[in-house]
């Protein structure tokens, strides 16, 4: 276990290093990028720009700039945004994390429950009309772009039908922390949850159905039947249990990606001040410190999710446990 | 062809260990699987040597070492007087024409997307033997030789039954007119009645083409039927080597004795003493000290646990590695 | 023996509708199994032996399968039972062990748990009682140190040991009938010998009936009391084991016996292979299914499907139109087949 943790930590450091260097280099090679000009305000004189460059260390060699950036990010933690001076990057991310977590956790609960129900139902109803119907439904879910779906949801709940009894409870776009008002928190998030989970419900239901049908042909499922177990028990304890192995690993990775900033589109559409929105804004304004911080945050979450998946995998499948 | 009394293939002290690696960042070897451990074997021109043993005894690995599909950990292999144990891939290429392999699983060893004619003709094309028209003609000859019809040229492997696929595998192996064929469990995936067809085919081909076979199998009845000499392997070592009939009449090694007695005989009236070995084959990662068979051997004494018995000659052409040899003629 | 057999199969047929046509996997198979007896069913792949076994357990769930015939067990026709009632039979009165012990145990559960599961389903034992019984069973099937192994996972066992676990599971509820579908095919010969010995000992001890399905005539000769030889979905010969090996009546049985090289006989020059391939189960030849491969076929074989009946003596059934004398003459004339 210790070996595993150490290996993961080394991997995390390596991944974060590689990604930050890549982001850094790409940033300075993007045309039209000049942080000093941005910092200097409108129509600056060349002297001002020079002074700013010096002040921010932008006139120093790139490796040194990189190190300064990293130092400000990790050690002194006082890195400030280029486009919005005075805005400290690290607290900004810390404040955005619970929003993203709320969004992704809620959606995850929905998509796991619904996709298991759909996948199992389709597998059990194989040979009837319901199986292809469920799968077409899943395919529709997969094919709908999340931003379009989000905008449609907004159009319906905020605009067209907001005044009907159906959607009058929907608050204006935005976010309320759970600690402040749990009911409002829920009201703000329930539509984004549904929108975000649609794609994953479709994906997971299809994967699970395929897995279940494959497991159904395994010899040990036949053994379970030969033992005289009920169909229900065979399904839940044998077929579904082993099919969950790939389901769970897939889930871990998707979850990591979403928490790491992958829910960007949903956050933008529903104006949720999470890490995704932060990333989006920093990308629009080409704000290197924020981009860097969000990228590192995302990388760390994805690597952690990977590690959790590996542990979960070993927990679900004794064959891969180290002896 | 060279001296008929000289072996076509001569293996000396062949070892193949597979390392087991572990480590945080840098992988280091923590143990090794002793798959093949100091094996000597000669294959004389025109003979069939059977190599038997249970799964995990290293018989397939040894076969793959001979054709250099594995690099040796130690030892030498000579083919027709030439040391091939250190040749690289390029240097091995001309030799691939002389040594061919037939595999166990006729379902997995043929490319499902290629037509039969292409599968059999590929070795010819790869080695640049003959012009295009010649290749087609040769493939049709080969199809006929293995008992398929030339019309099968354009079919795909899935259109054939297991036995027919194995014939295709044999035809492919024969394409370059090799002198030695290493057949790794060539019939064990087939039904009994089909096994007999393929076994007969192999022996006809040997008579017609003067082939030398190394026949690797776990089925002692089949091995005895096809082989002139038989080598019995246990945990990476040859424990007995004898002419086929001699091995079955007078096994010297207790493992051979047990192995033979374990084969069910299709005659309920035959009363035989059945020696049922206890336990499983030990791990080849940490083979037992002394004689590797001693934990399961009913004749084992103290010396067997400490001293490894050498493979010594007990009768003409009959070698065994045991401290307590059985069935010796006084 | 109390008159009626323990298990009686009457005219059982199983076919599968496929896109290419109907596959006649099992075609009019009848046999009986008595208490304390081992019935061997021998055949090559596609002979219908495994489908027969799976059908006895009602384990074929394919929606395209069509069944007919009766499987009488203790006076009840299993084919007519509801799936719910069948649960009481499966694993409790009739249990089954399978060919490949590597894949027949669920990899994610401990072996003890998997045996417990069956005990708890049928015997209503508490967790503690089930565990005690499981320990006994593991000991009885020769697993060394069962206390230490009961909580291991299947992948920690060798193939032979896994098959012992499967046998322990099969015997856990003292079944009346144990169906063993190629129980030793995936194992090495020395391990096969262990497992056959174990099945024999346990069968005597538990006094169950065993249906042993195999392709290996050697295994049958060693273990079975009676033998049914199957070819292309039908039983072609059915006799007491000594009868079958001393005086086989069907040319297919001769072919099978000639195809195997025998350790107890001097080495033959050639094996008497049966020429050709087994027929397609979708379009079986008219008359006798073995006719296209049979060296002794004559006109009637094409026209008439031979019934399985006693032609050479009571209790020895075969499905070949030749008379017993003709068979003897033909068999004597082909030295390879003797």
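Output the residues belonging to segment C:168-182 that are in a helix (DSSP H, G or I) and crowded, with 23+ Cβ neighbours inside 10 Å.
C:168, C:169, C:170, listed by residue number.
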Problem set entry | Only one of C:138, C:105, C:61 that is touching a residue at least 24 places away in the same chain (Cβ under 8 Å) and not in a helix (DSSP H, G or I) | C:105
Problem set entry | Enumerated helices (runs of 4 or more DSSP H) restricted to segment A:80-173, each holding at least 1 residues that are farther than 26 Å from residue A:187 by Cα and modelled with pLDDT of 85 or more | A:89-124, A:130-143
Problem set entry | Qualifying positions in segment C:251-271 - crowded, with 22+ Cβ neighbours inside 10 Å and either facing chain B (nearest Cβ under 7 Å) or over 25 Å from the mean Cα position of the chain (by Cα) (or both) | C:255, C:256, C:259, C:260, C:271
Exercise. Among B:275, B:238, B:252, B:216, which is in contact with a helix residue (DSSP H, G or I) (Cβ under 7 Å, 6 or more places away or on another chain) and away from chain C (no Cβ under 11 Å)?
Worked result: B:216
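So which of B:265, B:270 ends up being within 12 Å of another protein chain (Cβ to nearest Cβ), within 25 Å of the chain's Cα centre (by Cα) and farther than 30 Å from residue B:29 by Cα?
None of the other options fit; the residue is B:265.
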For this session: Pick out the one residue from A:219, A:211 that is within 14 Å of chain C (Cβ to nearest Cβ) and crowded, with 20+ Cβ neighbours inside 10 Å.
Result: A:211
Problem set entry | Residue among C:69, C:28, C:46 that is assigned to a loop (DSSP other than H, G, I, E, B), more than 14 Å from chain A (Cβ to nearest Cβ) and touching a strand residue (DSSP E or B) at 6+ places or on another chain (Cβ under 9 Å) | C:46
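Which of the following residues is farther than 20 Å from residue C:53 by Cβ, at pLDDT below 95, within 14 Å of chain A (Cβ to nearest Cβ) and in a helix (DSSP H, G or I): C:121, C:148?
On the way: C:148 fails: within 14 Å of chain A (Cβ to nearest Cβ).
None of the other options fit; the residue is C:121.
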For this session: Report, by residue number, each residue of segment A:8-25 that is surrounded by fewer than 15 Cβ atoms within 10 Å (Cβ to Cβ) and more than 12 Å from residue A:299 (Cα to Cα).
Result: A:9, A:10, A:21, A:22, A:25
Problem set entry | Count of segment B:114-129 residues which are part of a loop (DSSP other than H, G, I, E, B) and farther than 19 Å from residue B:150 by Cα | 3
For this session: Scan segment A:193-208 for residues that are buried (at least 23 other Cβ atoms within 10 Å of the Cβ) and more than 30 Å from residue A:156 (Cα to Cα) and jot them down.
Result: A:208
Exercise. Quick one: is residue C:276 touching a helix residue (DSSP H, G or I) at 6+ places or on another chain (Cβ under 7 Å), at positive phi, within 14 Å of chain B (Cβ to nearest Cβ) and surrounded by fewer than 20 Cβ atoms within 10 Å (Cβ to Cβ)?
Worked result: yes
Problem set entry | Total residues in segment A:26-42, condition assigned to a helix (DSSP H, G or I) and exposed (fewer than 12 other Cβ atoms within 10 Å of the Cβ) | 2
Seminar exercise, completed: Only one of B:221, B:188 is under 21 Å from residue C:218 (Cβ atoms), more than 10 Å from chain C (Cβ to nearest Cβ) and over 12 Å from the mean Cα position of the chain (by Cα), namely B:188
Problem set entry | Pick from segment B:148-185, criterion farther than 22 Å from residue C:45 by Cα and within 14 Å of chain C (Cβ to nearest Cβ), ranking: surrounded by the most Cβ atoms within 10 Å (Cβ to Cβ) | B:152
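For every residue, the table says whether it meets (1) touching a residue at least 60 places away in the same chain (Cβ under 8 Å); (2) under 26 Å from residue A:145 (Cβ atoms); (3) assigned to a helix (DSSP H, G or I); (4) touching a helix residue (DSSP H, G or I) at 6+ places or on another chain (Cβ under 7 Å).
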position	(1), (2), (3), (4)
A:238	no, no, yes, yes
A:268	yes, yes, yes, yes
A:272	yes, yes, no, yes
A:289	yes, no, yes, yes
A:308	no, no, yes, yes
Exercise. In segment B:278-295, what count of residues is obtained for those that are without any contact (Cβ under 8 Å) to a residue 40 or more places away in the chain and either within 14 Å of chain C (Cβ to nearest Cβ) or in a helix (DSSP H, G or I) (or both)?
Worked result: 6
Exercise. Which of (1) buried (at least 23 other Cβ atoms within 10 Å of the Cβ); (2) more than 13 Å from every other protein chain (Cβ to nearest Cβ) is the odd one out, the single condition residue C:131 does not satisfy?
Worked result: (1)
Seminar exercise, completed: Within segment C:72-92, residues crowded, with 21+ Cβ neighbours inside 10 Å and either touching a residue at least 40 places away in the same chain (Cβ under 8 Å) or assigned to a loop (DSSP other than H, G, I, E, B) (or both) come out as C:73, C:91
For this session: Could you please find all residues in segment A:222-246 being over 19 Å from residue C:87 (Cβ atoms) and within 10 Å of chain C (Cβ to nearest Cβ)?
Result: A:241, A:242, A:244, A:245
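Filter segment C:216-246 for residues that are outside any strand (DSSP E or B), away from chain B (no Cβ under 12 Å) and in contact with a strand residue (DSSP E or B) (Cβ under 7 Å, 6 or more places away or on another chain) and give the result.
C:233
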Exercise. Restricting attention to segment C:17-26, does a residue exist that is over 16 Å from the mean Cα position of the chain (by Cα) and crowded, with 17+ Cβ neighbours inside 10 Å?
Worked result: yes
Problem set entry | Filter pass, residue A:190 being surrounded by fewer than 19 Cβ atoms within 10 Å (Cβ to Cβ), at pLDDT 90 or above and closer than 27 Å to residue A:117 by Cβ | yes
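Please find, among A:173, A:199, the residue that is within 21 Å of the chain's Cα centre (by Cα), free of Cβ contacts under 8 Å to residues at least 60 places away in the same chain and away from chain C (no Cβ under 14 Å).
One residue alone meets the criteria, A:199.
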For this session: Exactly one condition in (1) crowded, with 22+ Cβ neighbours inside 10 Å; (2) within 12 Å of chain B (Cβ to nearest Cβ); (3) over 30 Å from residue C:139 (Cα atoms) is not met by residue C:288; state its number.
Result: (2)
Problem set entry | Residue ID - nearest to the other protein chains (Cβ to nearest Cβ), chosen from residues in segment C:183-215 that are under 17 Å from residue B:192 (Cβ atoms) and surrounded by 20 or more Cβ atoms within 10 Å (Cβ to Cβ) | C:189
Exercise. In contact with a strand residue (DSSP E or B) (Cβ under 8 Å, 6 or more places away or on another chain), facing chain A (nearest Cβ under 8 Å), crowded, with 20+ Cβ neighbours inside 10 Å and under 26 Å from residue C:22 (Cα atoms): does that describe residue C:57?
Worked result: yes
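The values are calculated or read from the model by the stated rules, or taken from the named source; none is laboratory data. The shown structure was predicted, so the numbers you read here are calculated from the model rather than taken from an experiment. When we count neighbours, we look across all protein chains shown, and the Cβ atoms used for this are built from the backbone with ideal geometry, even at glycine.
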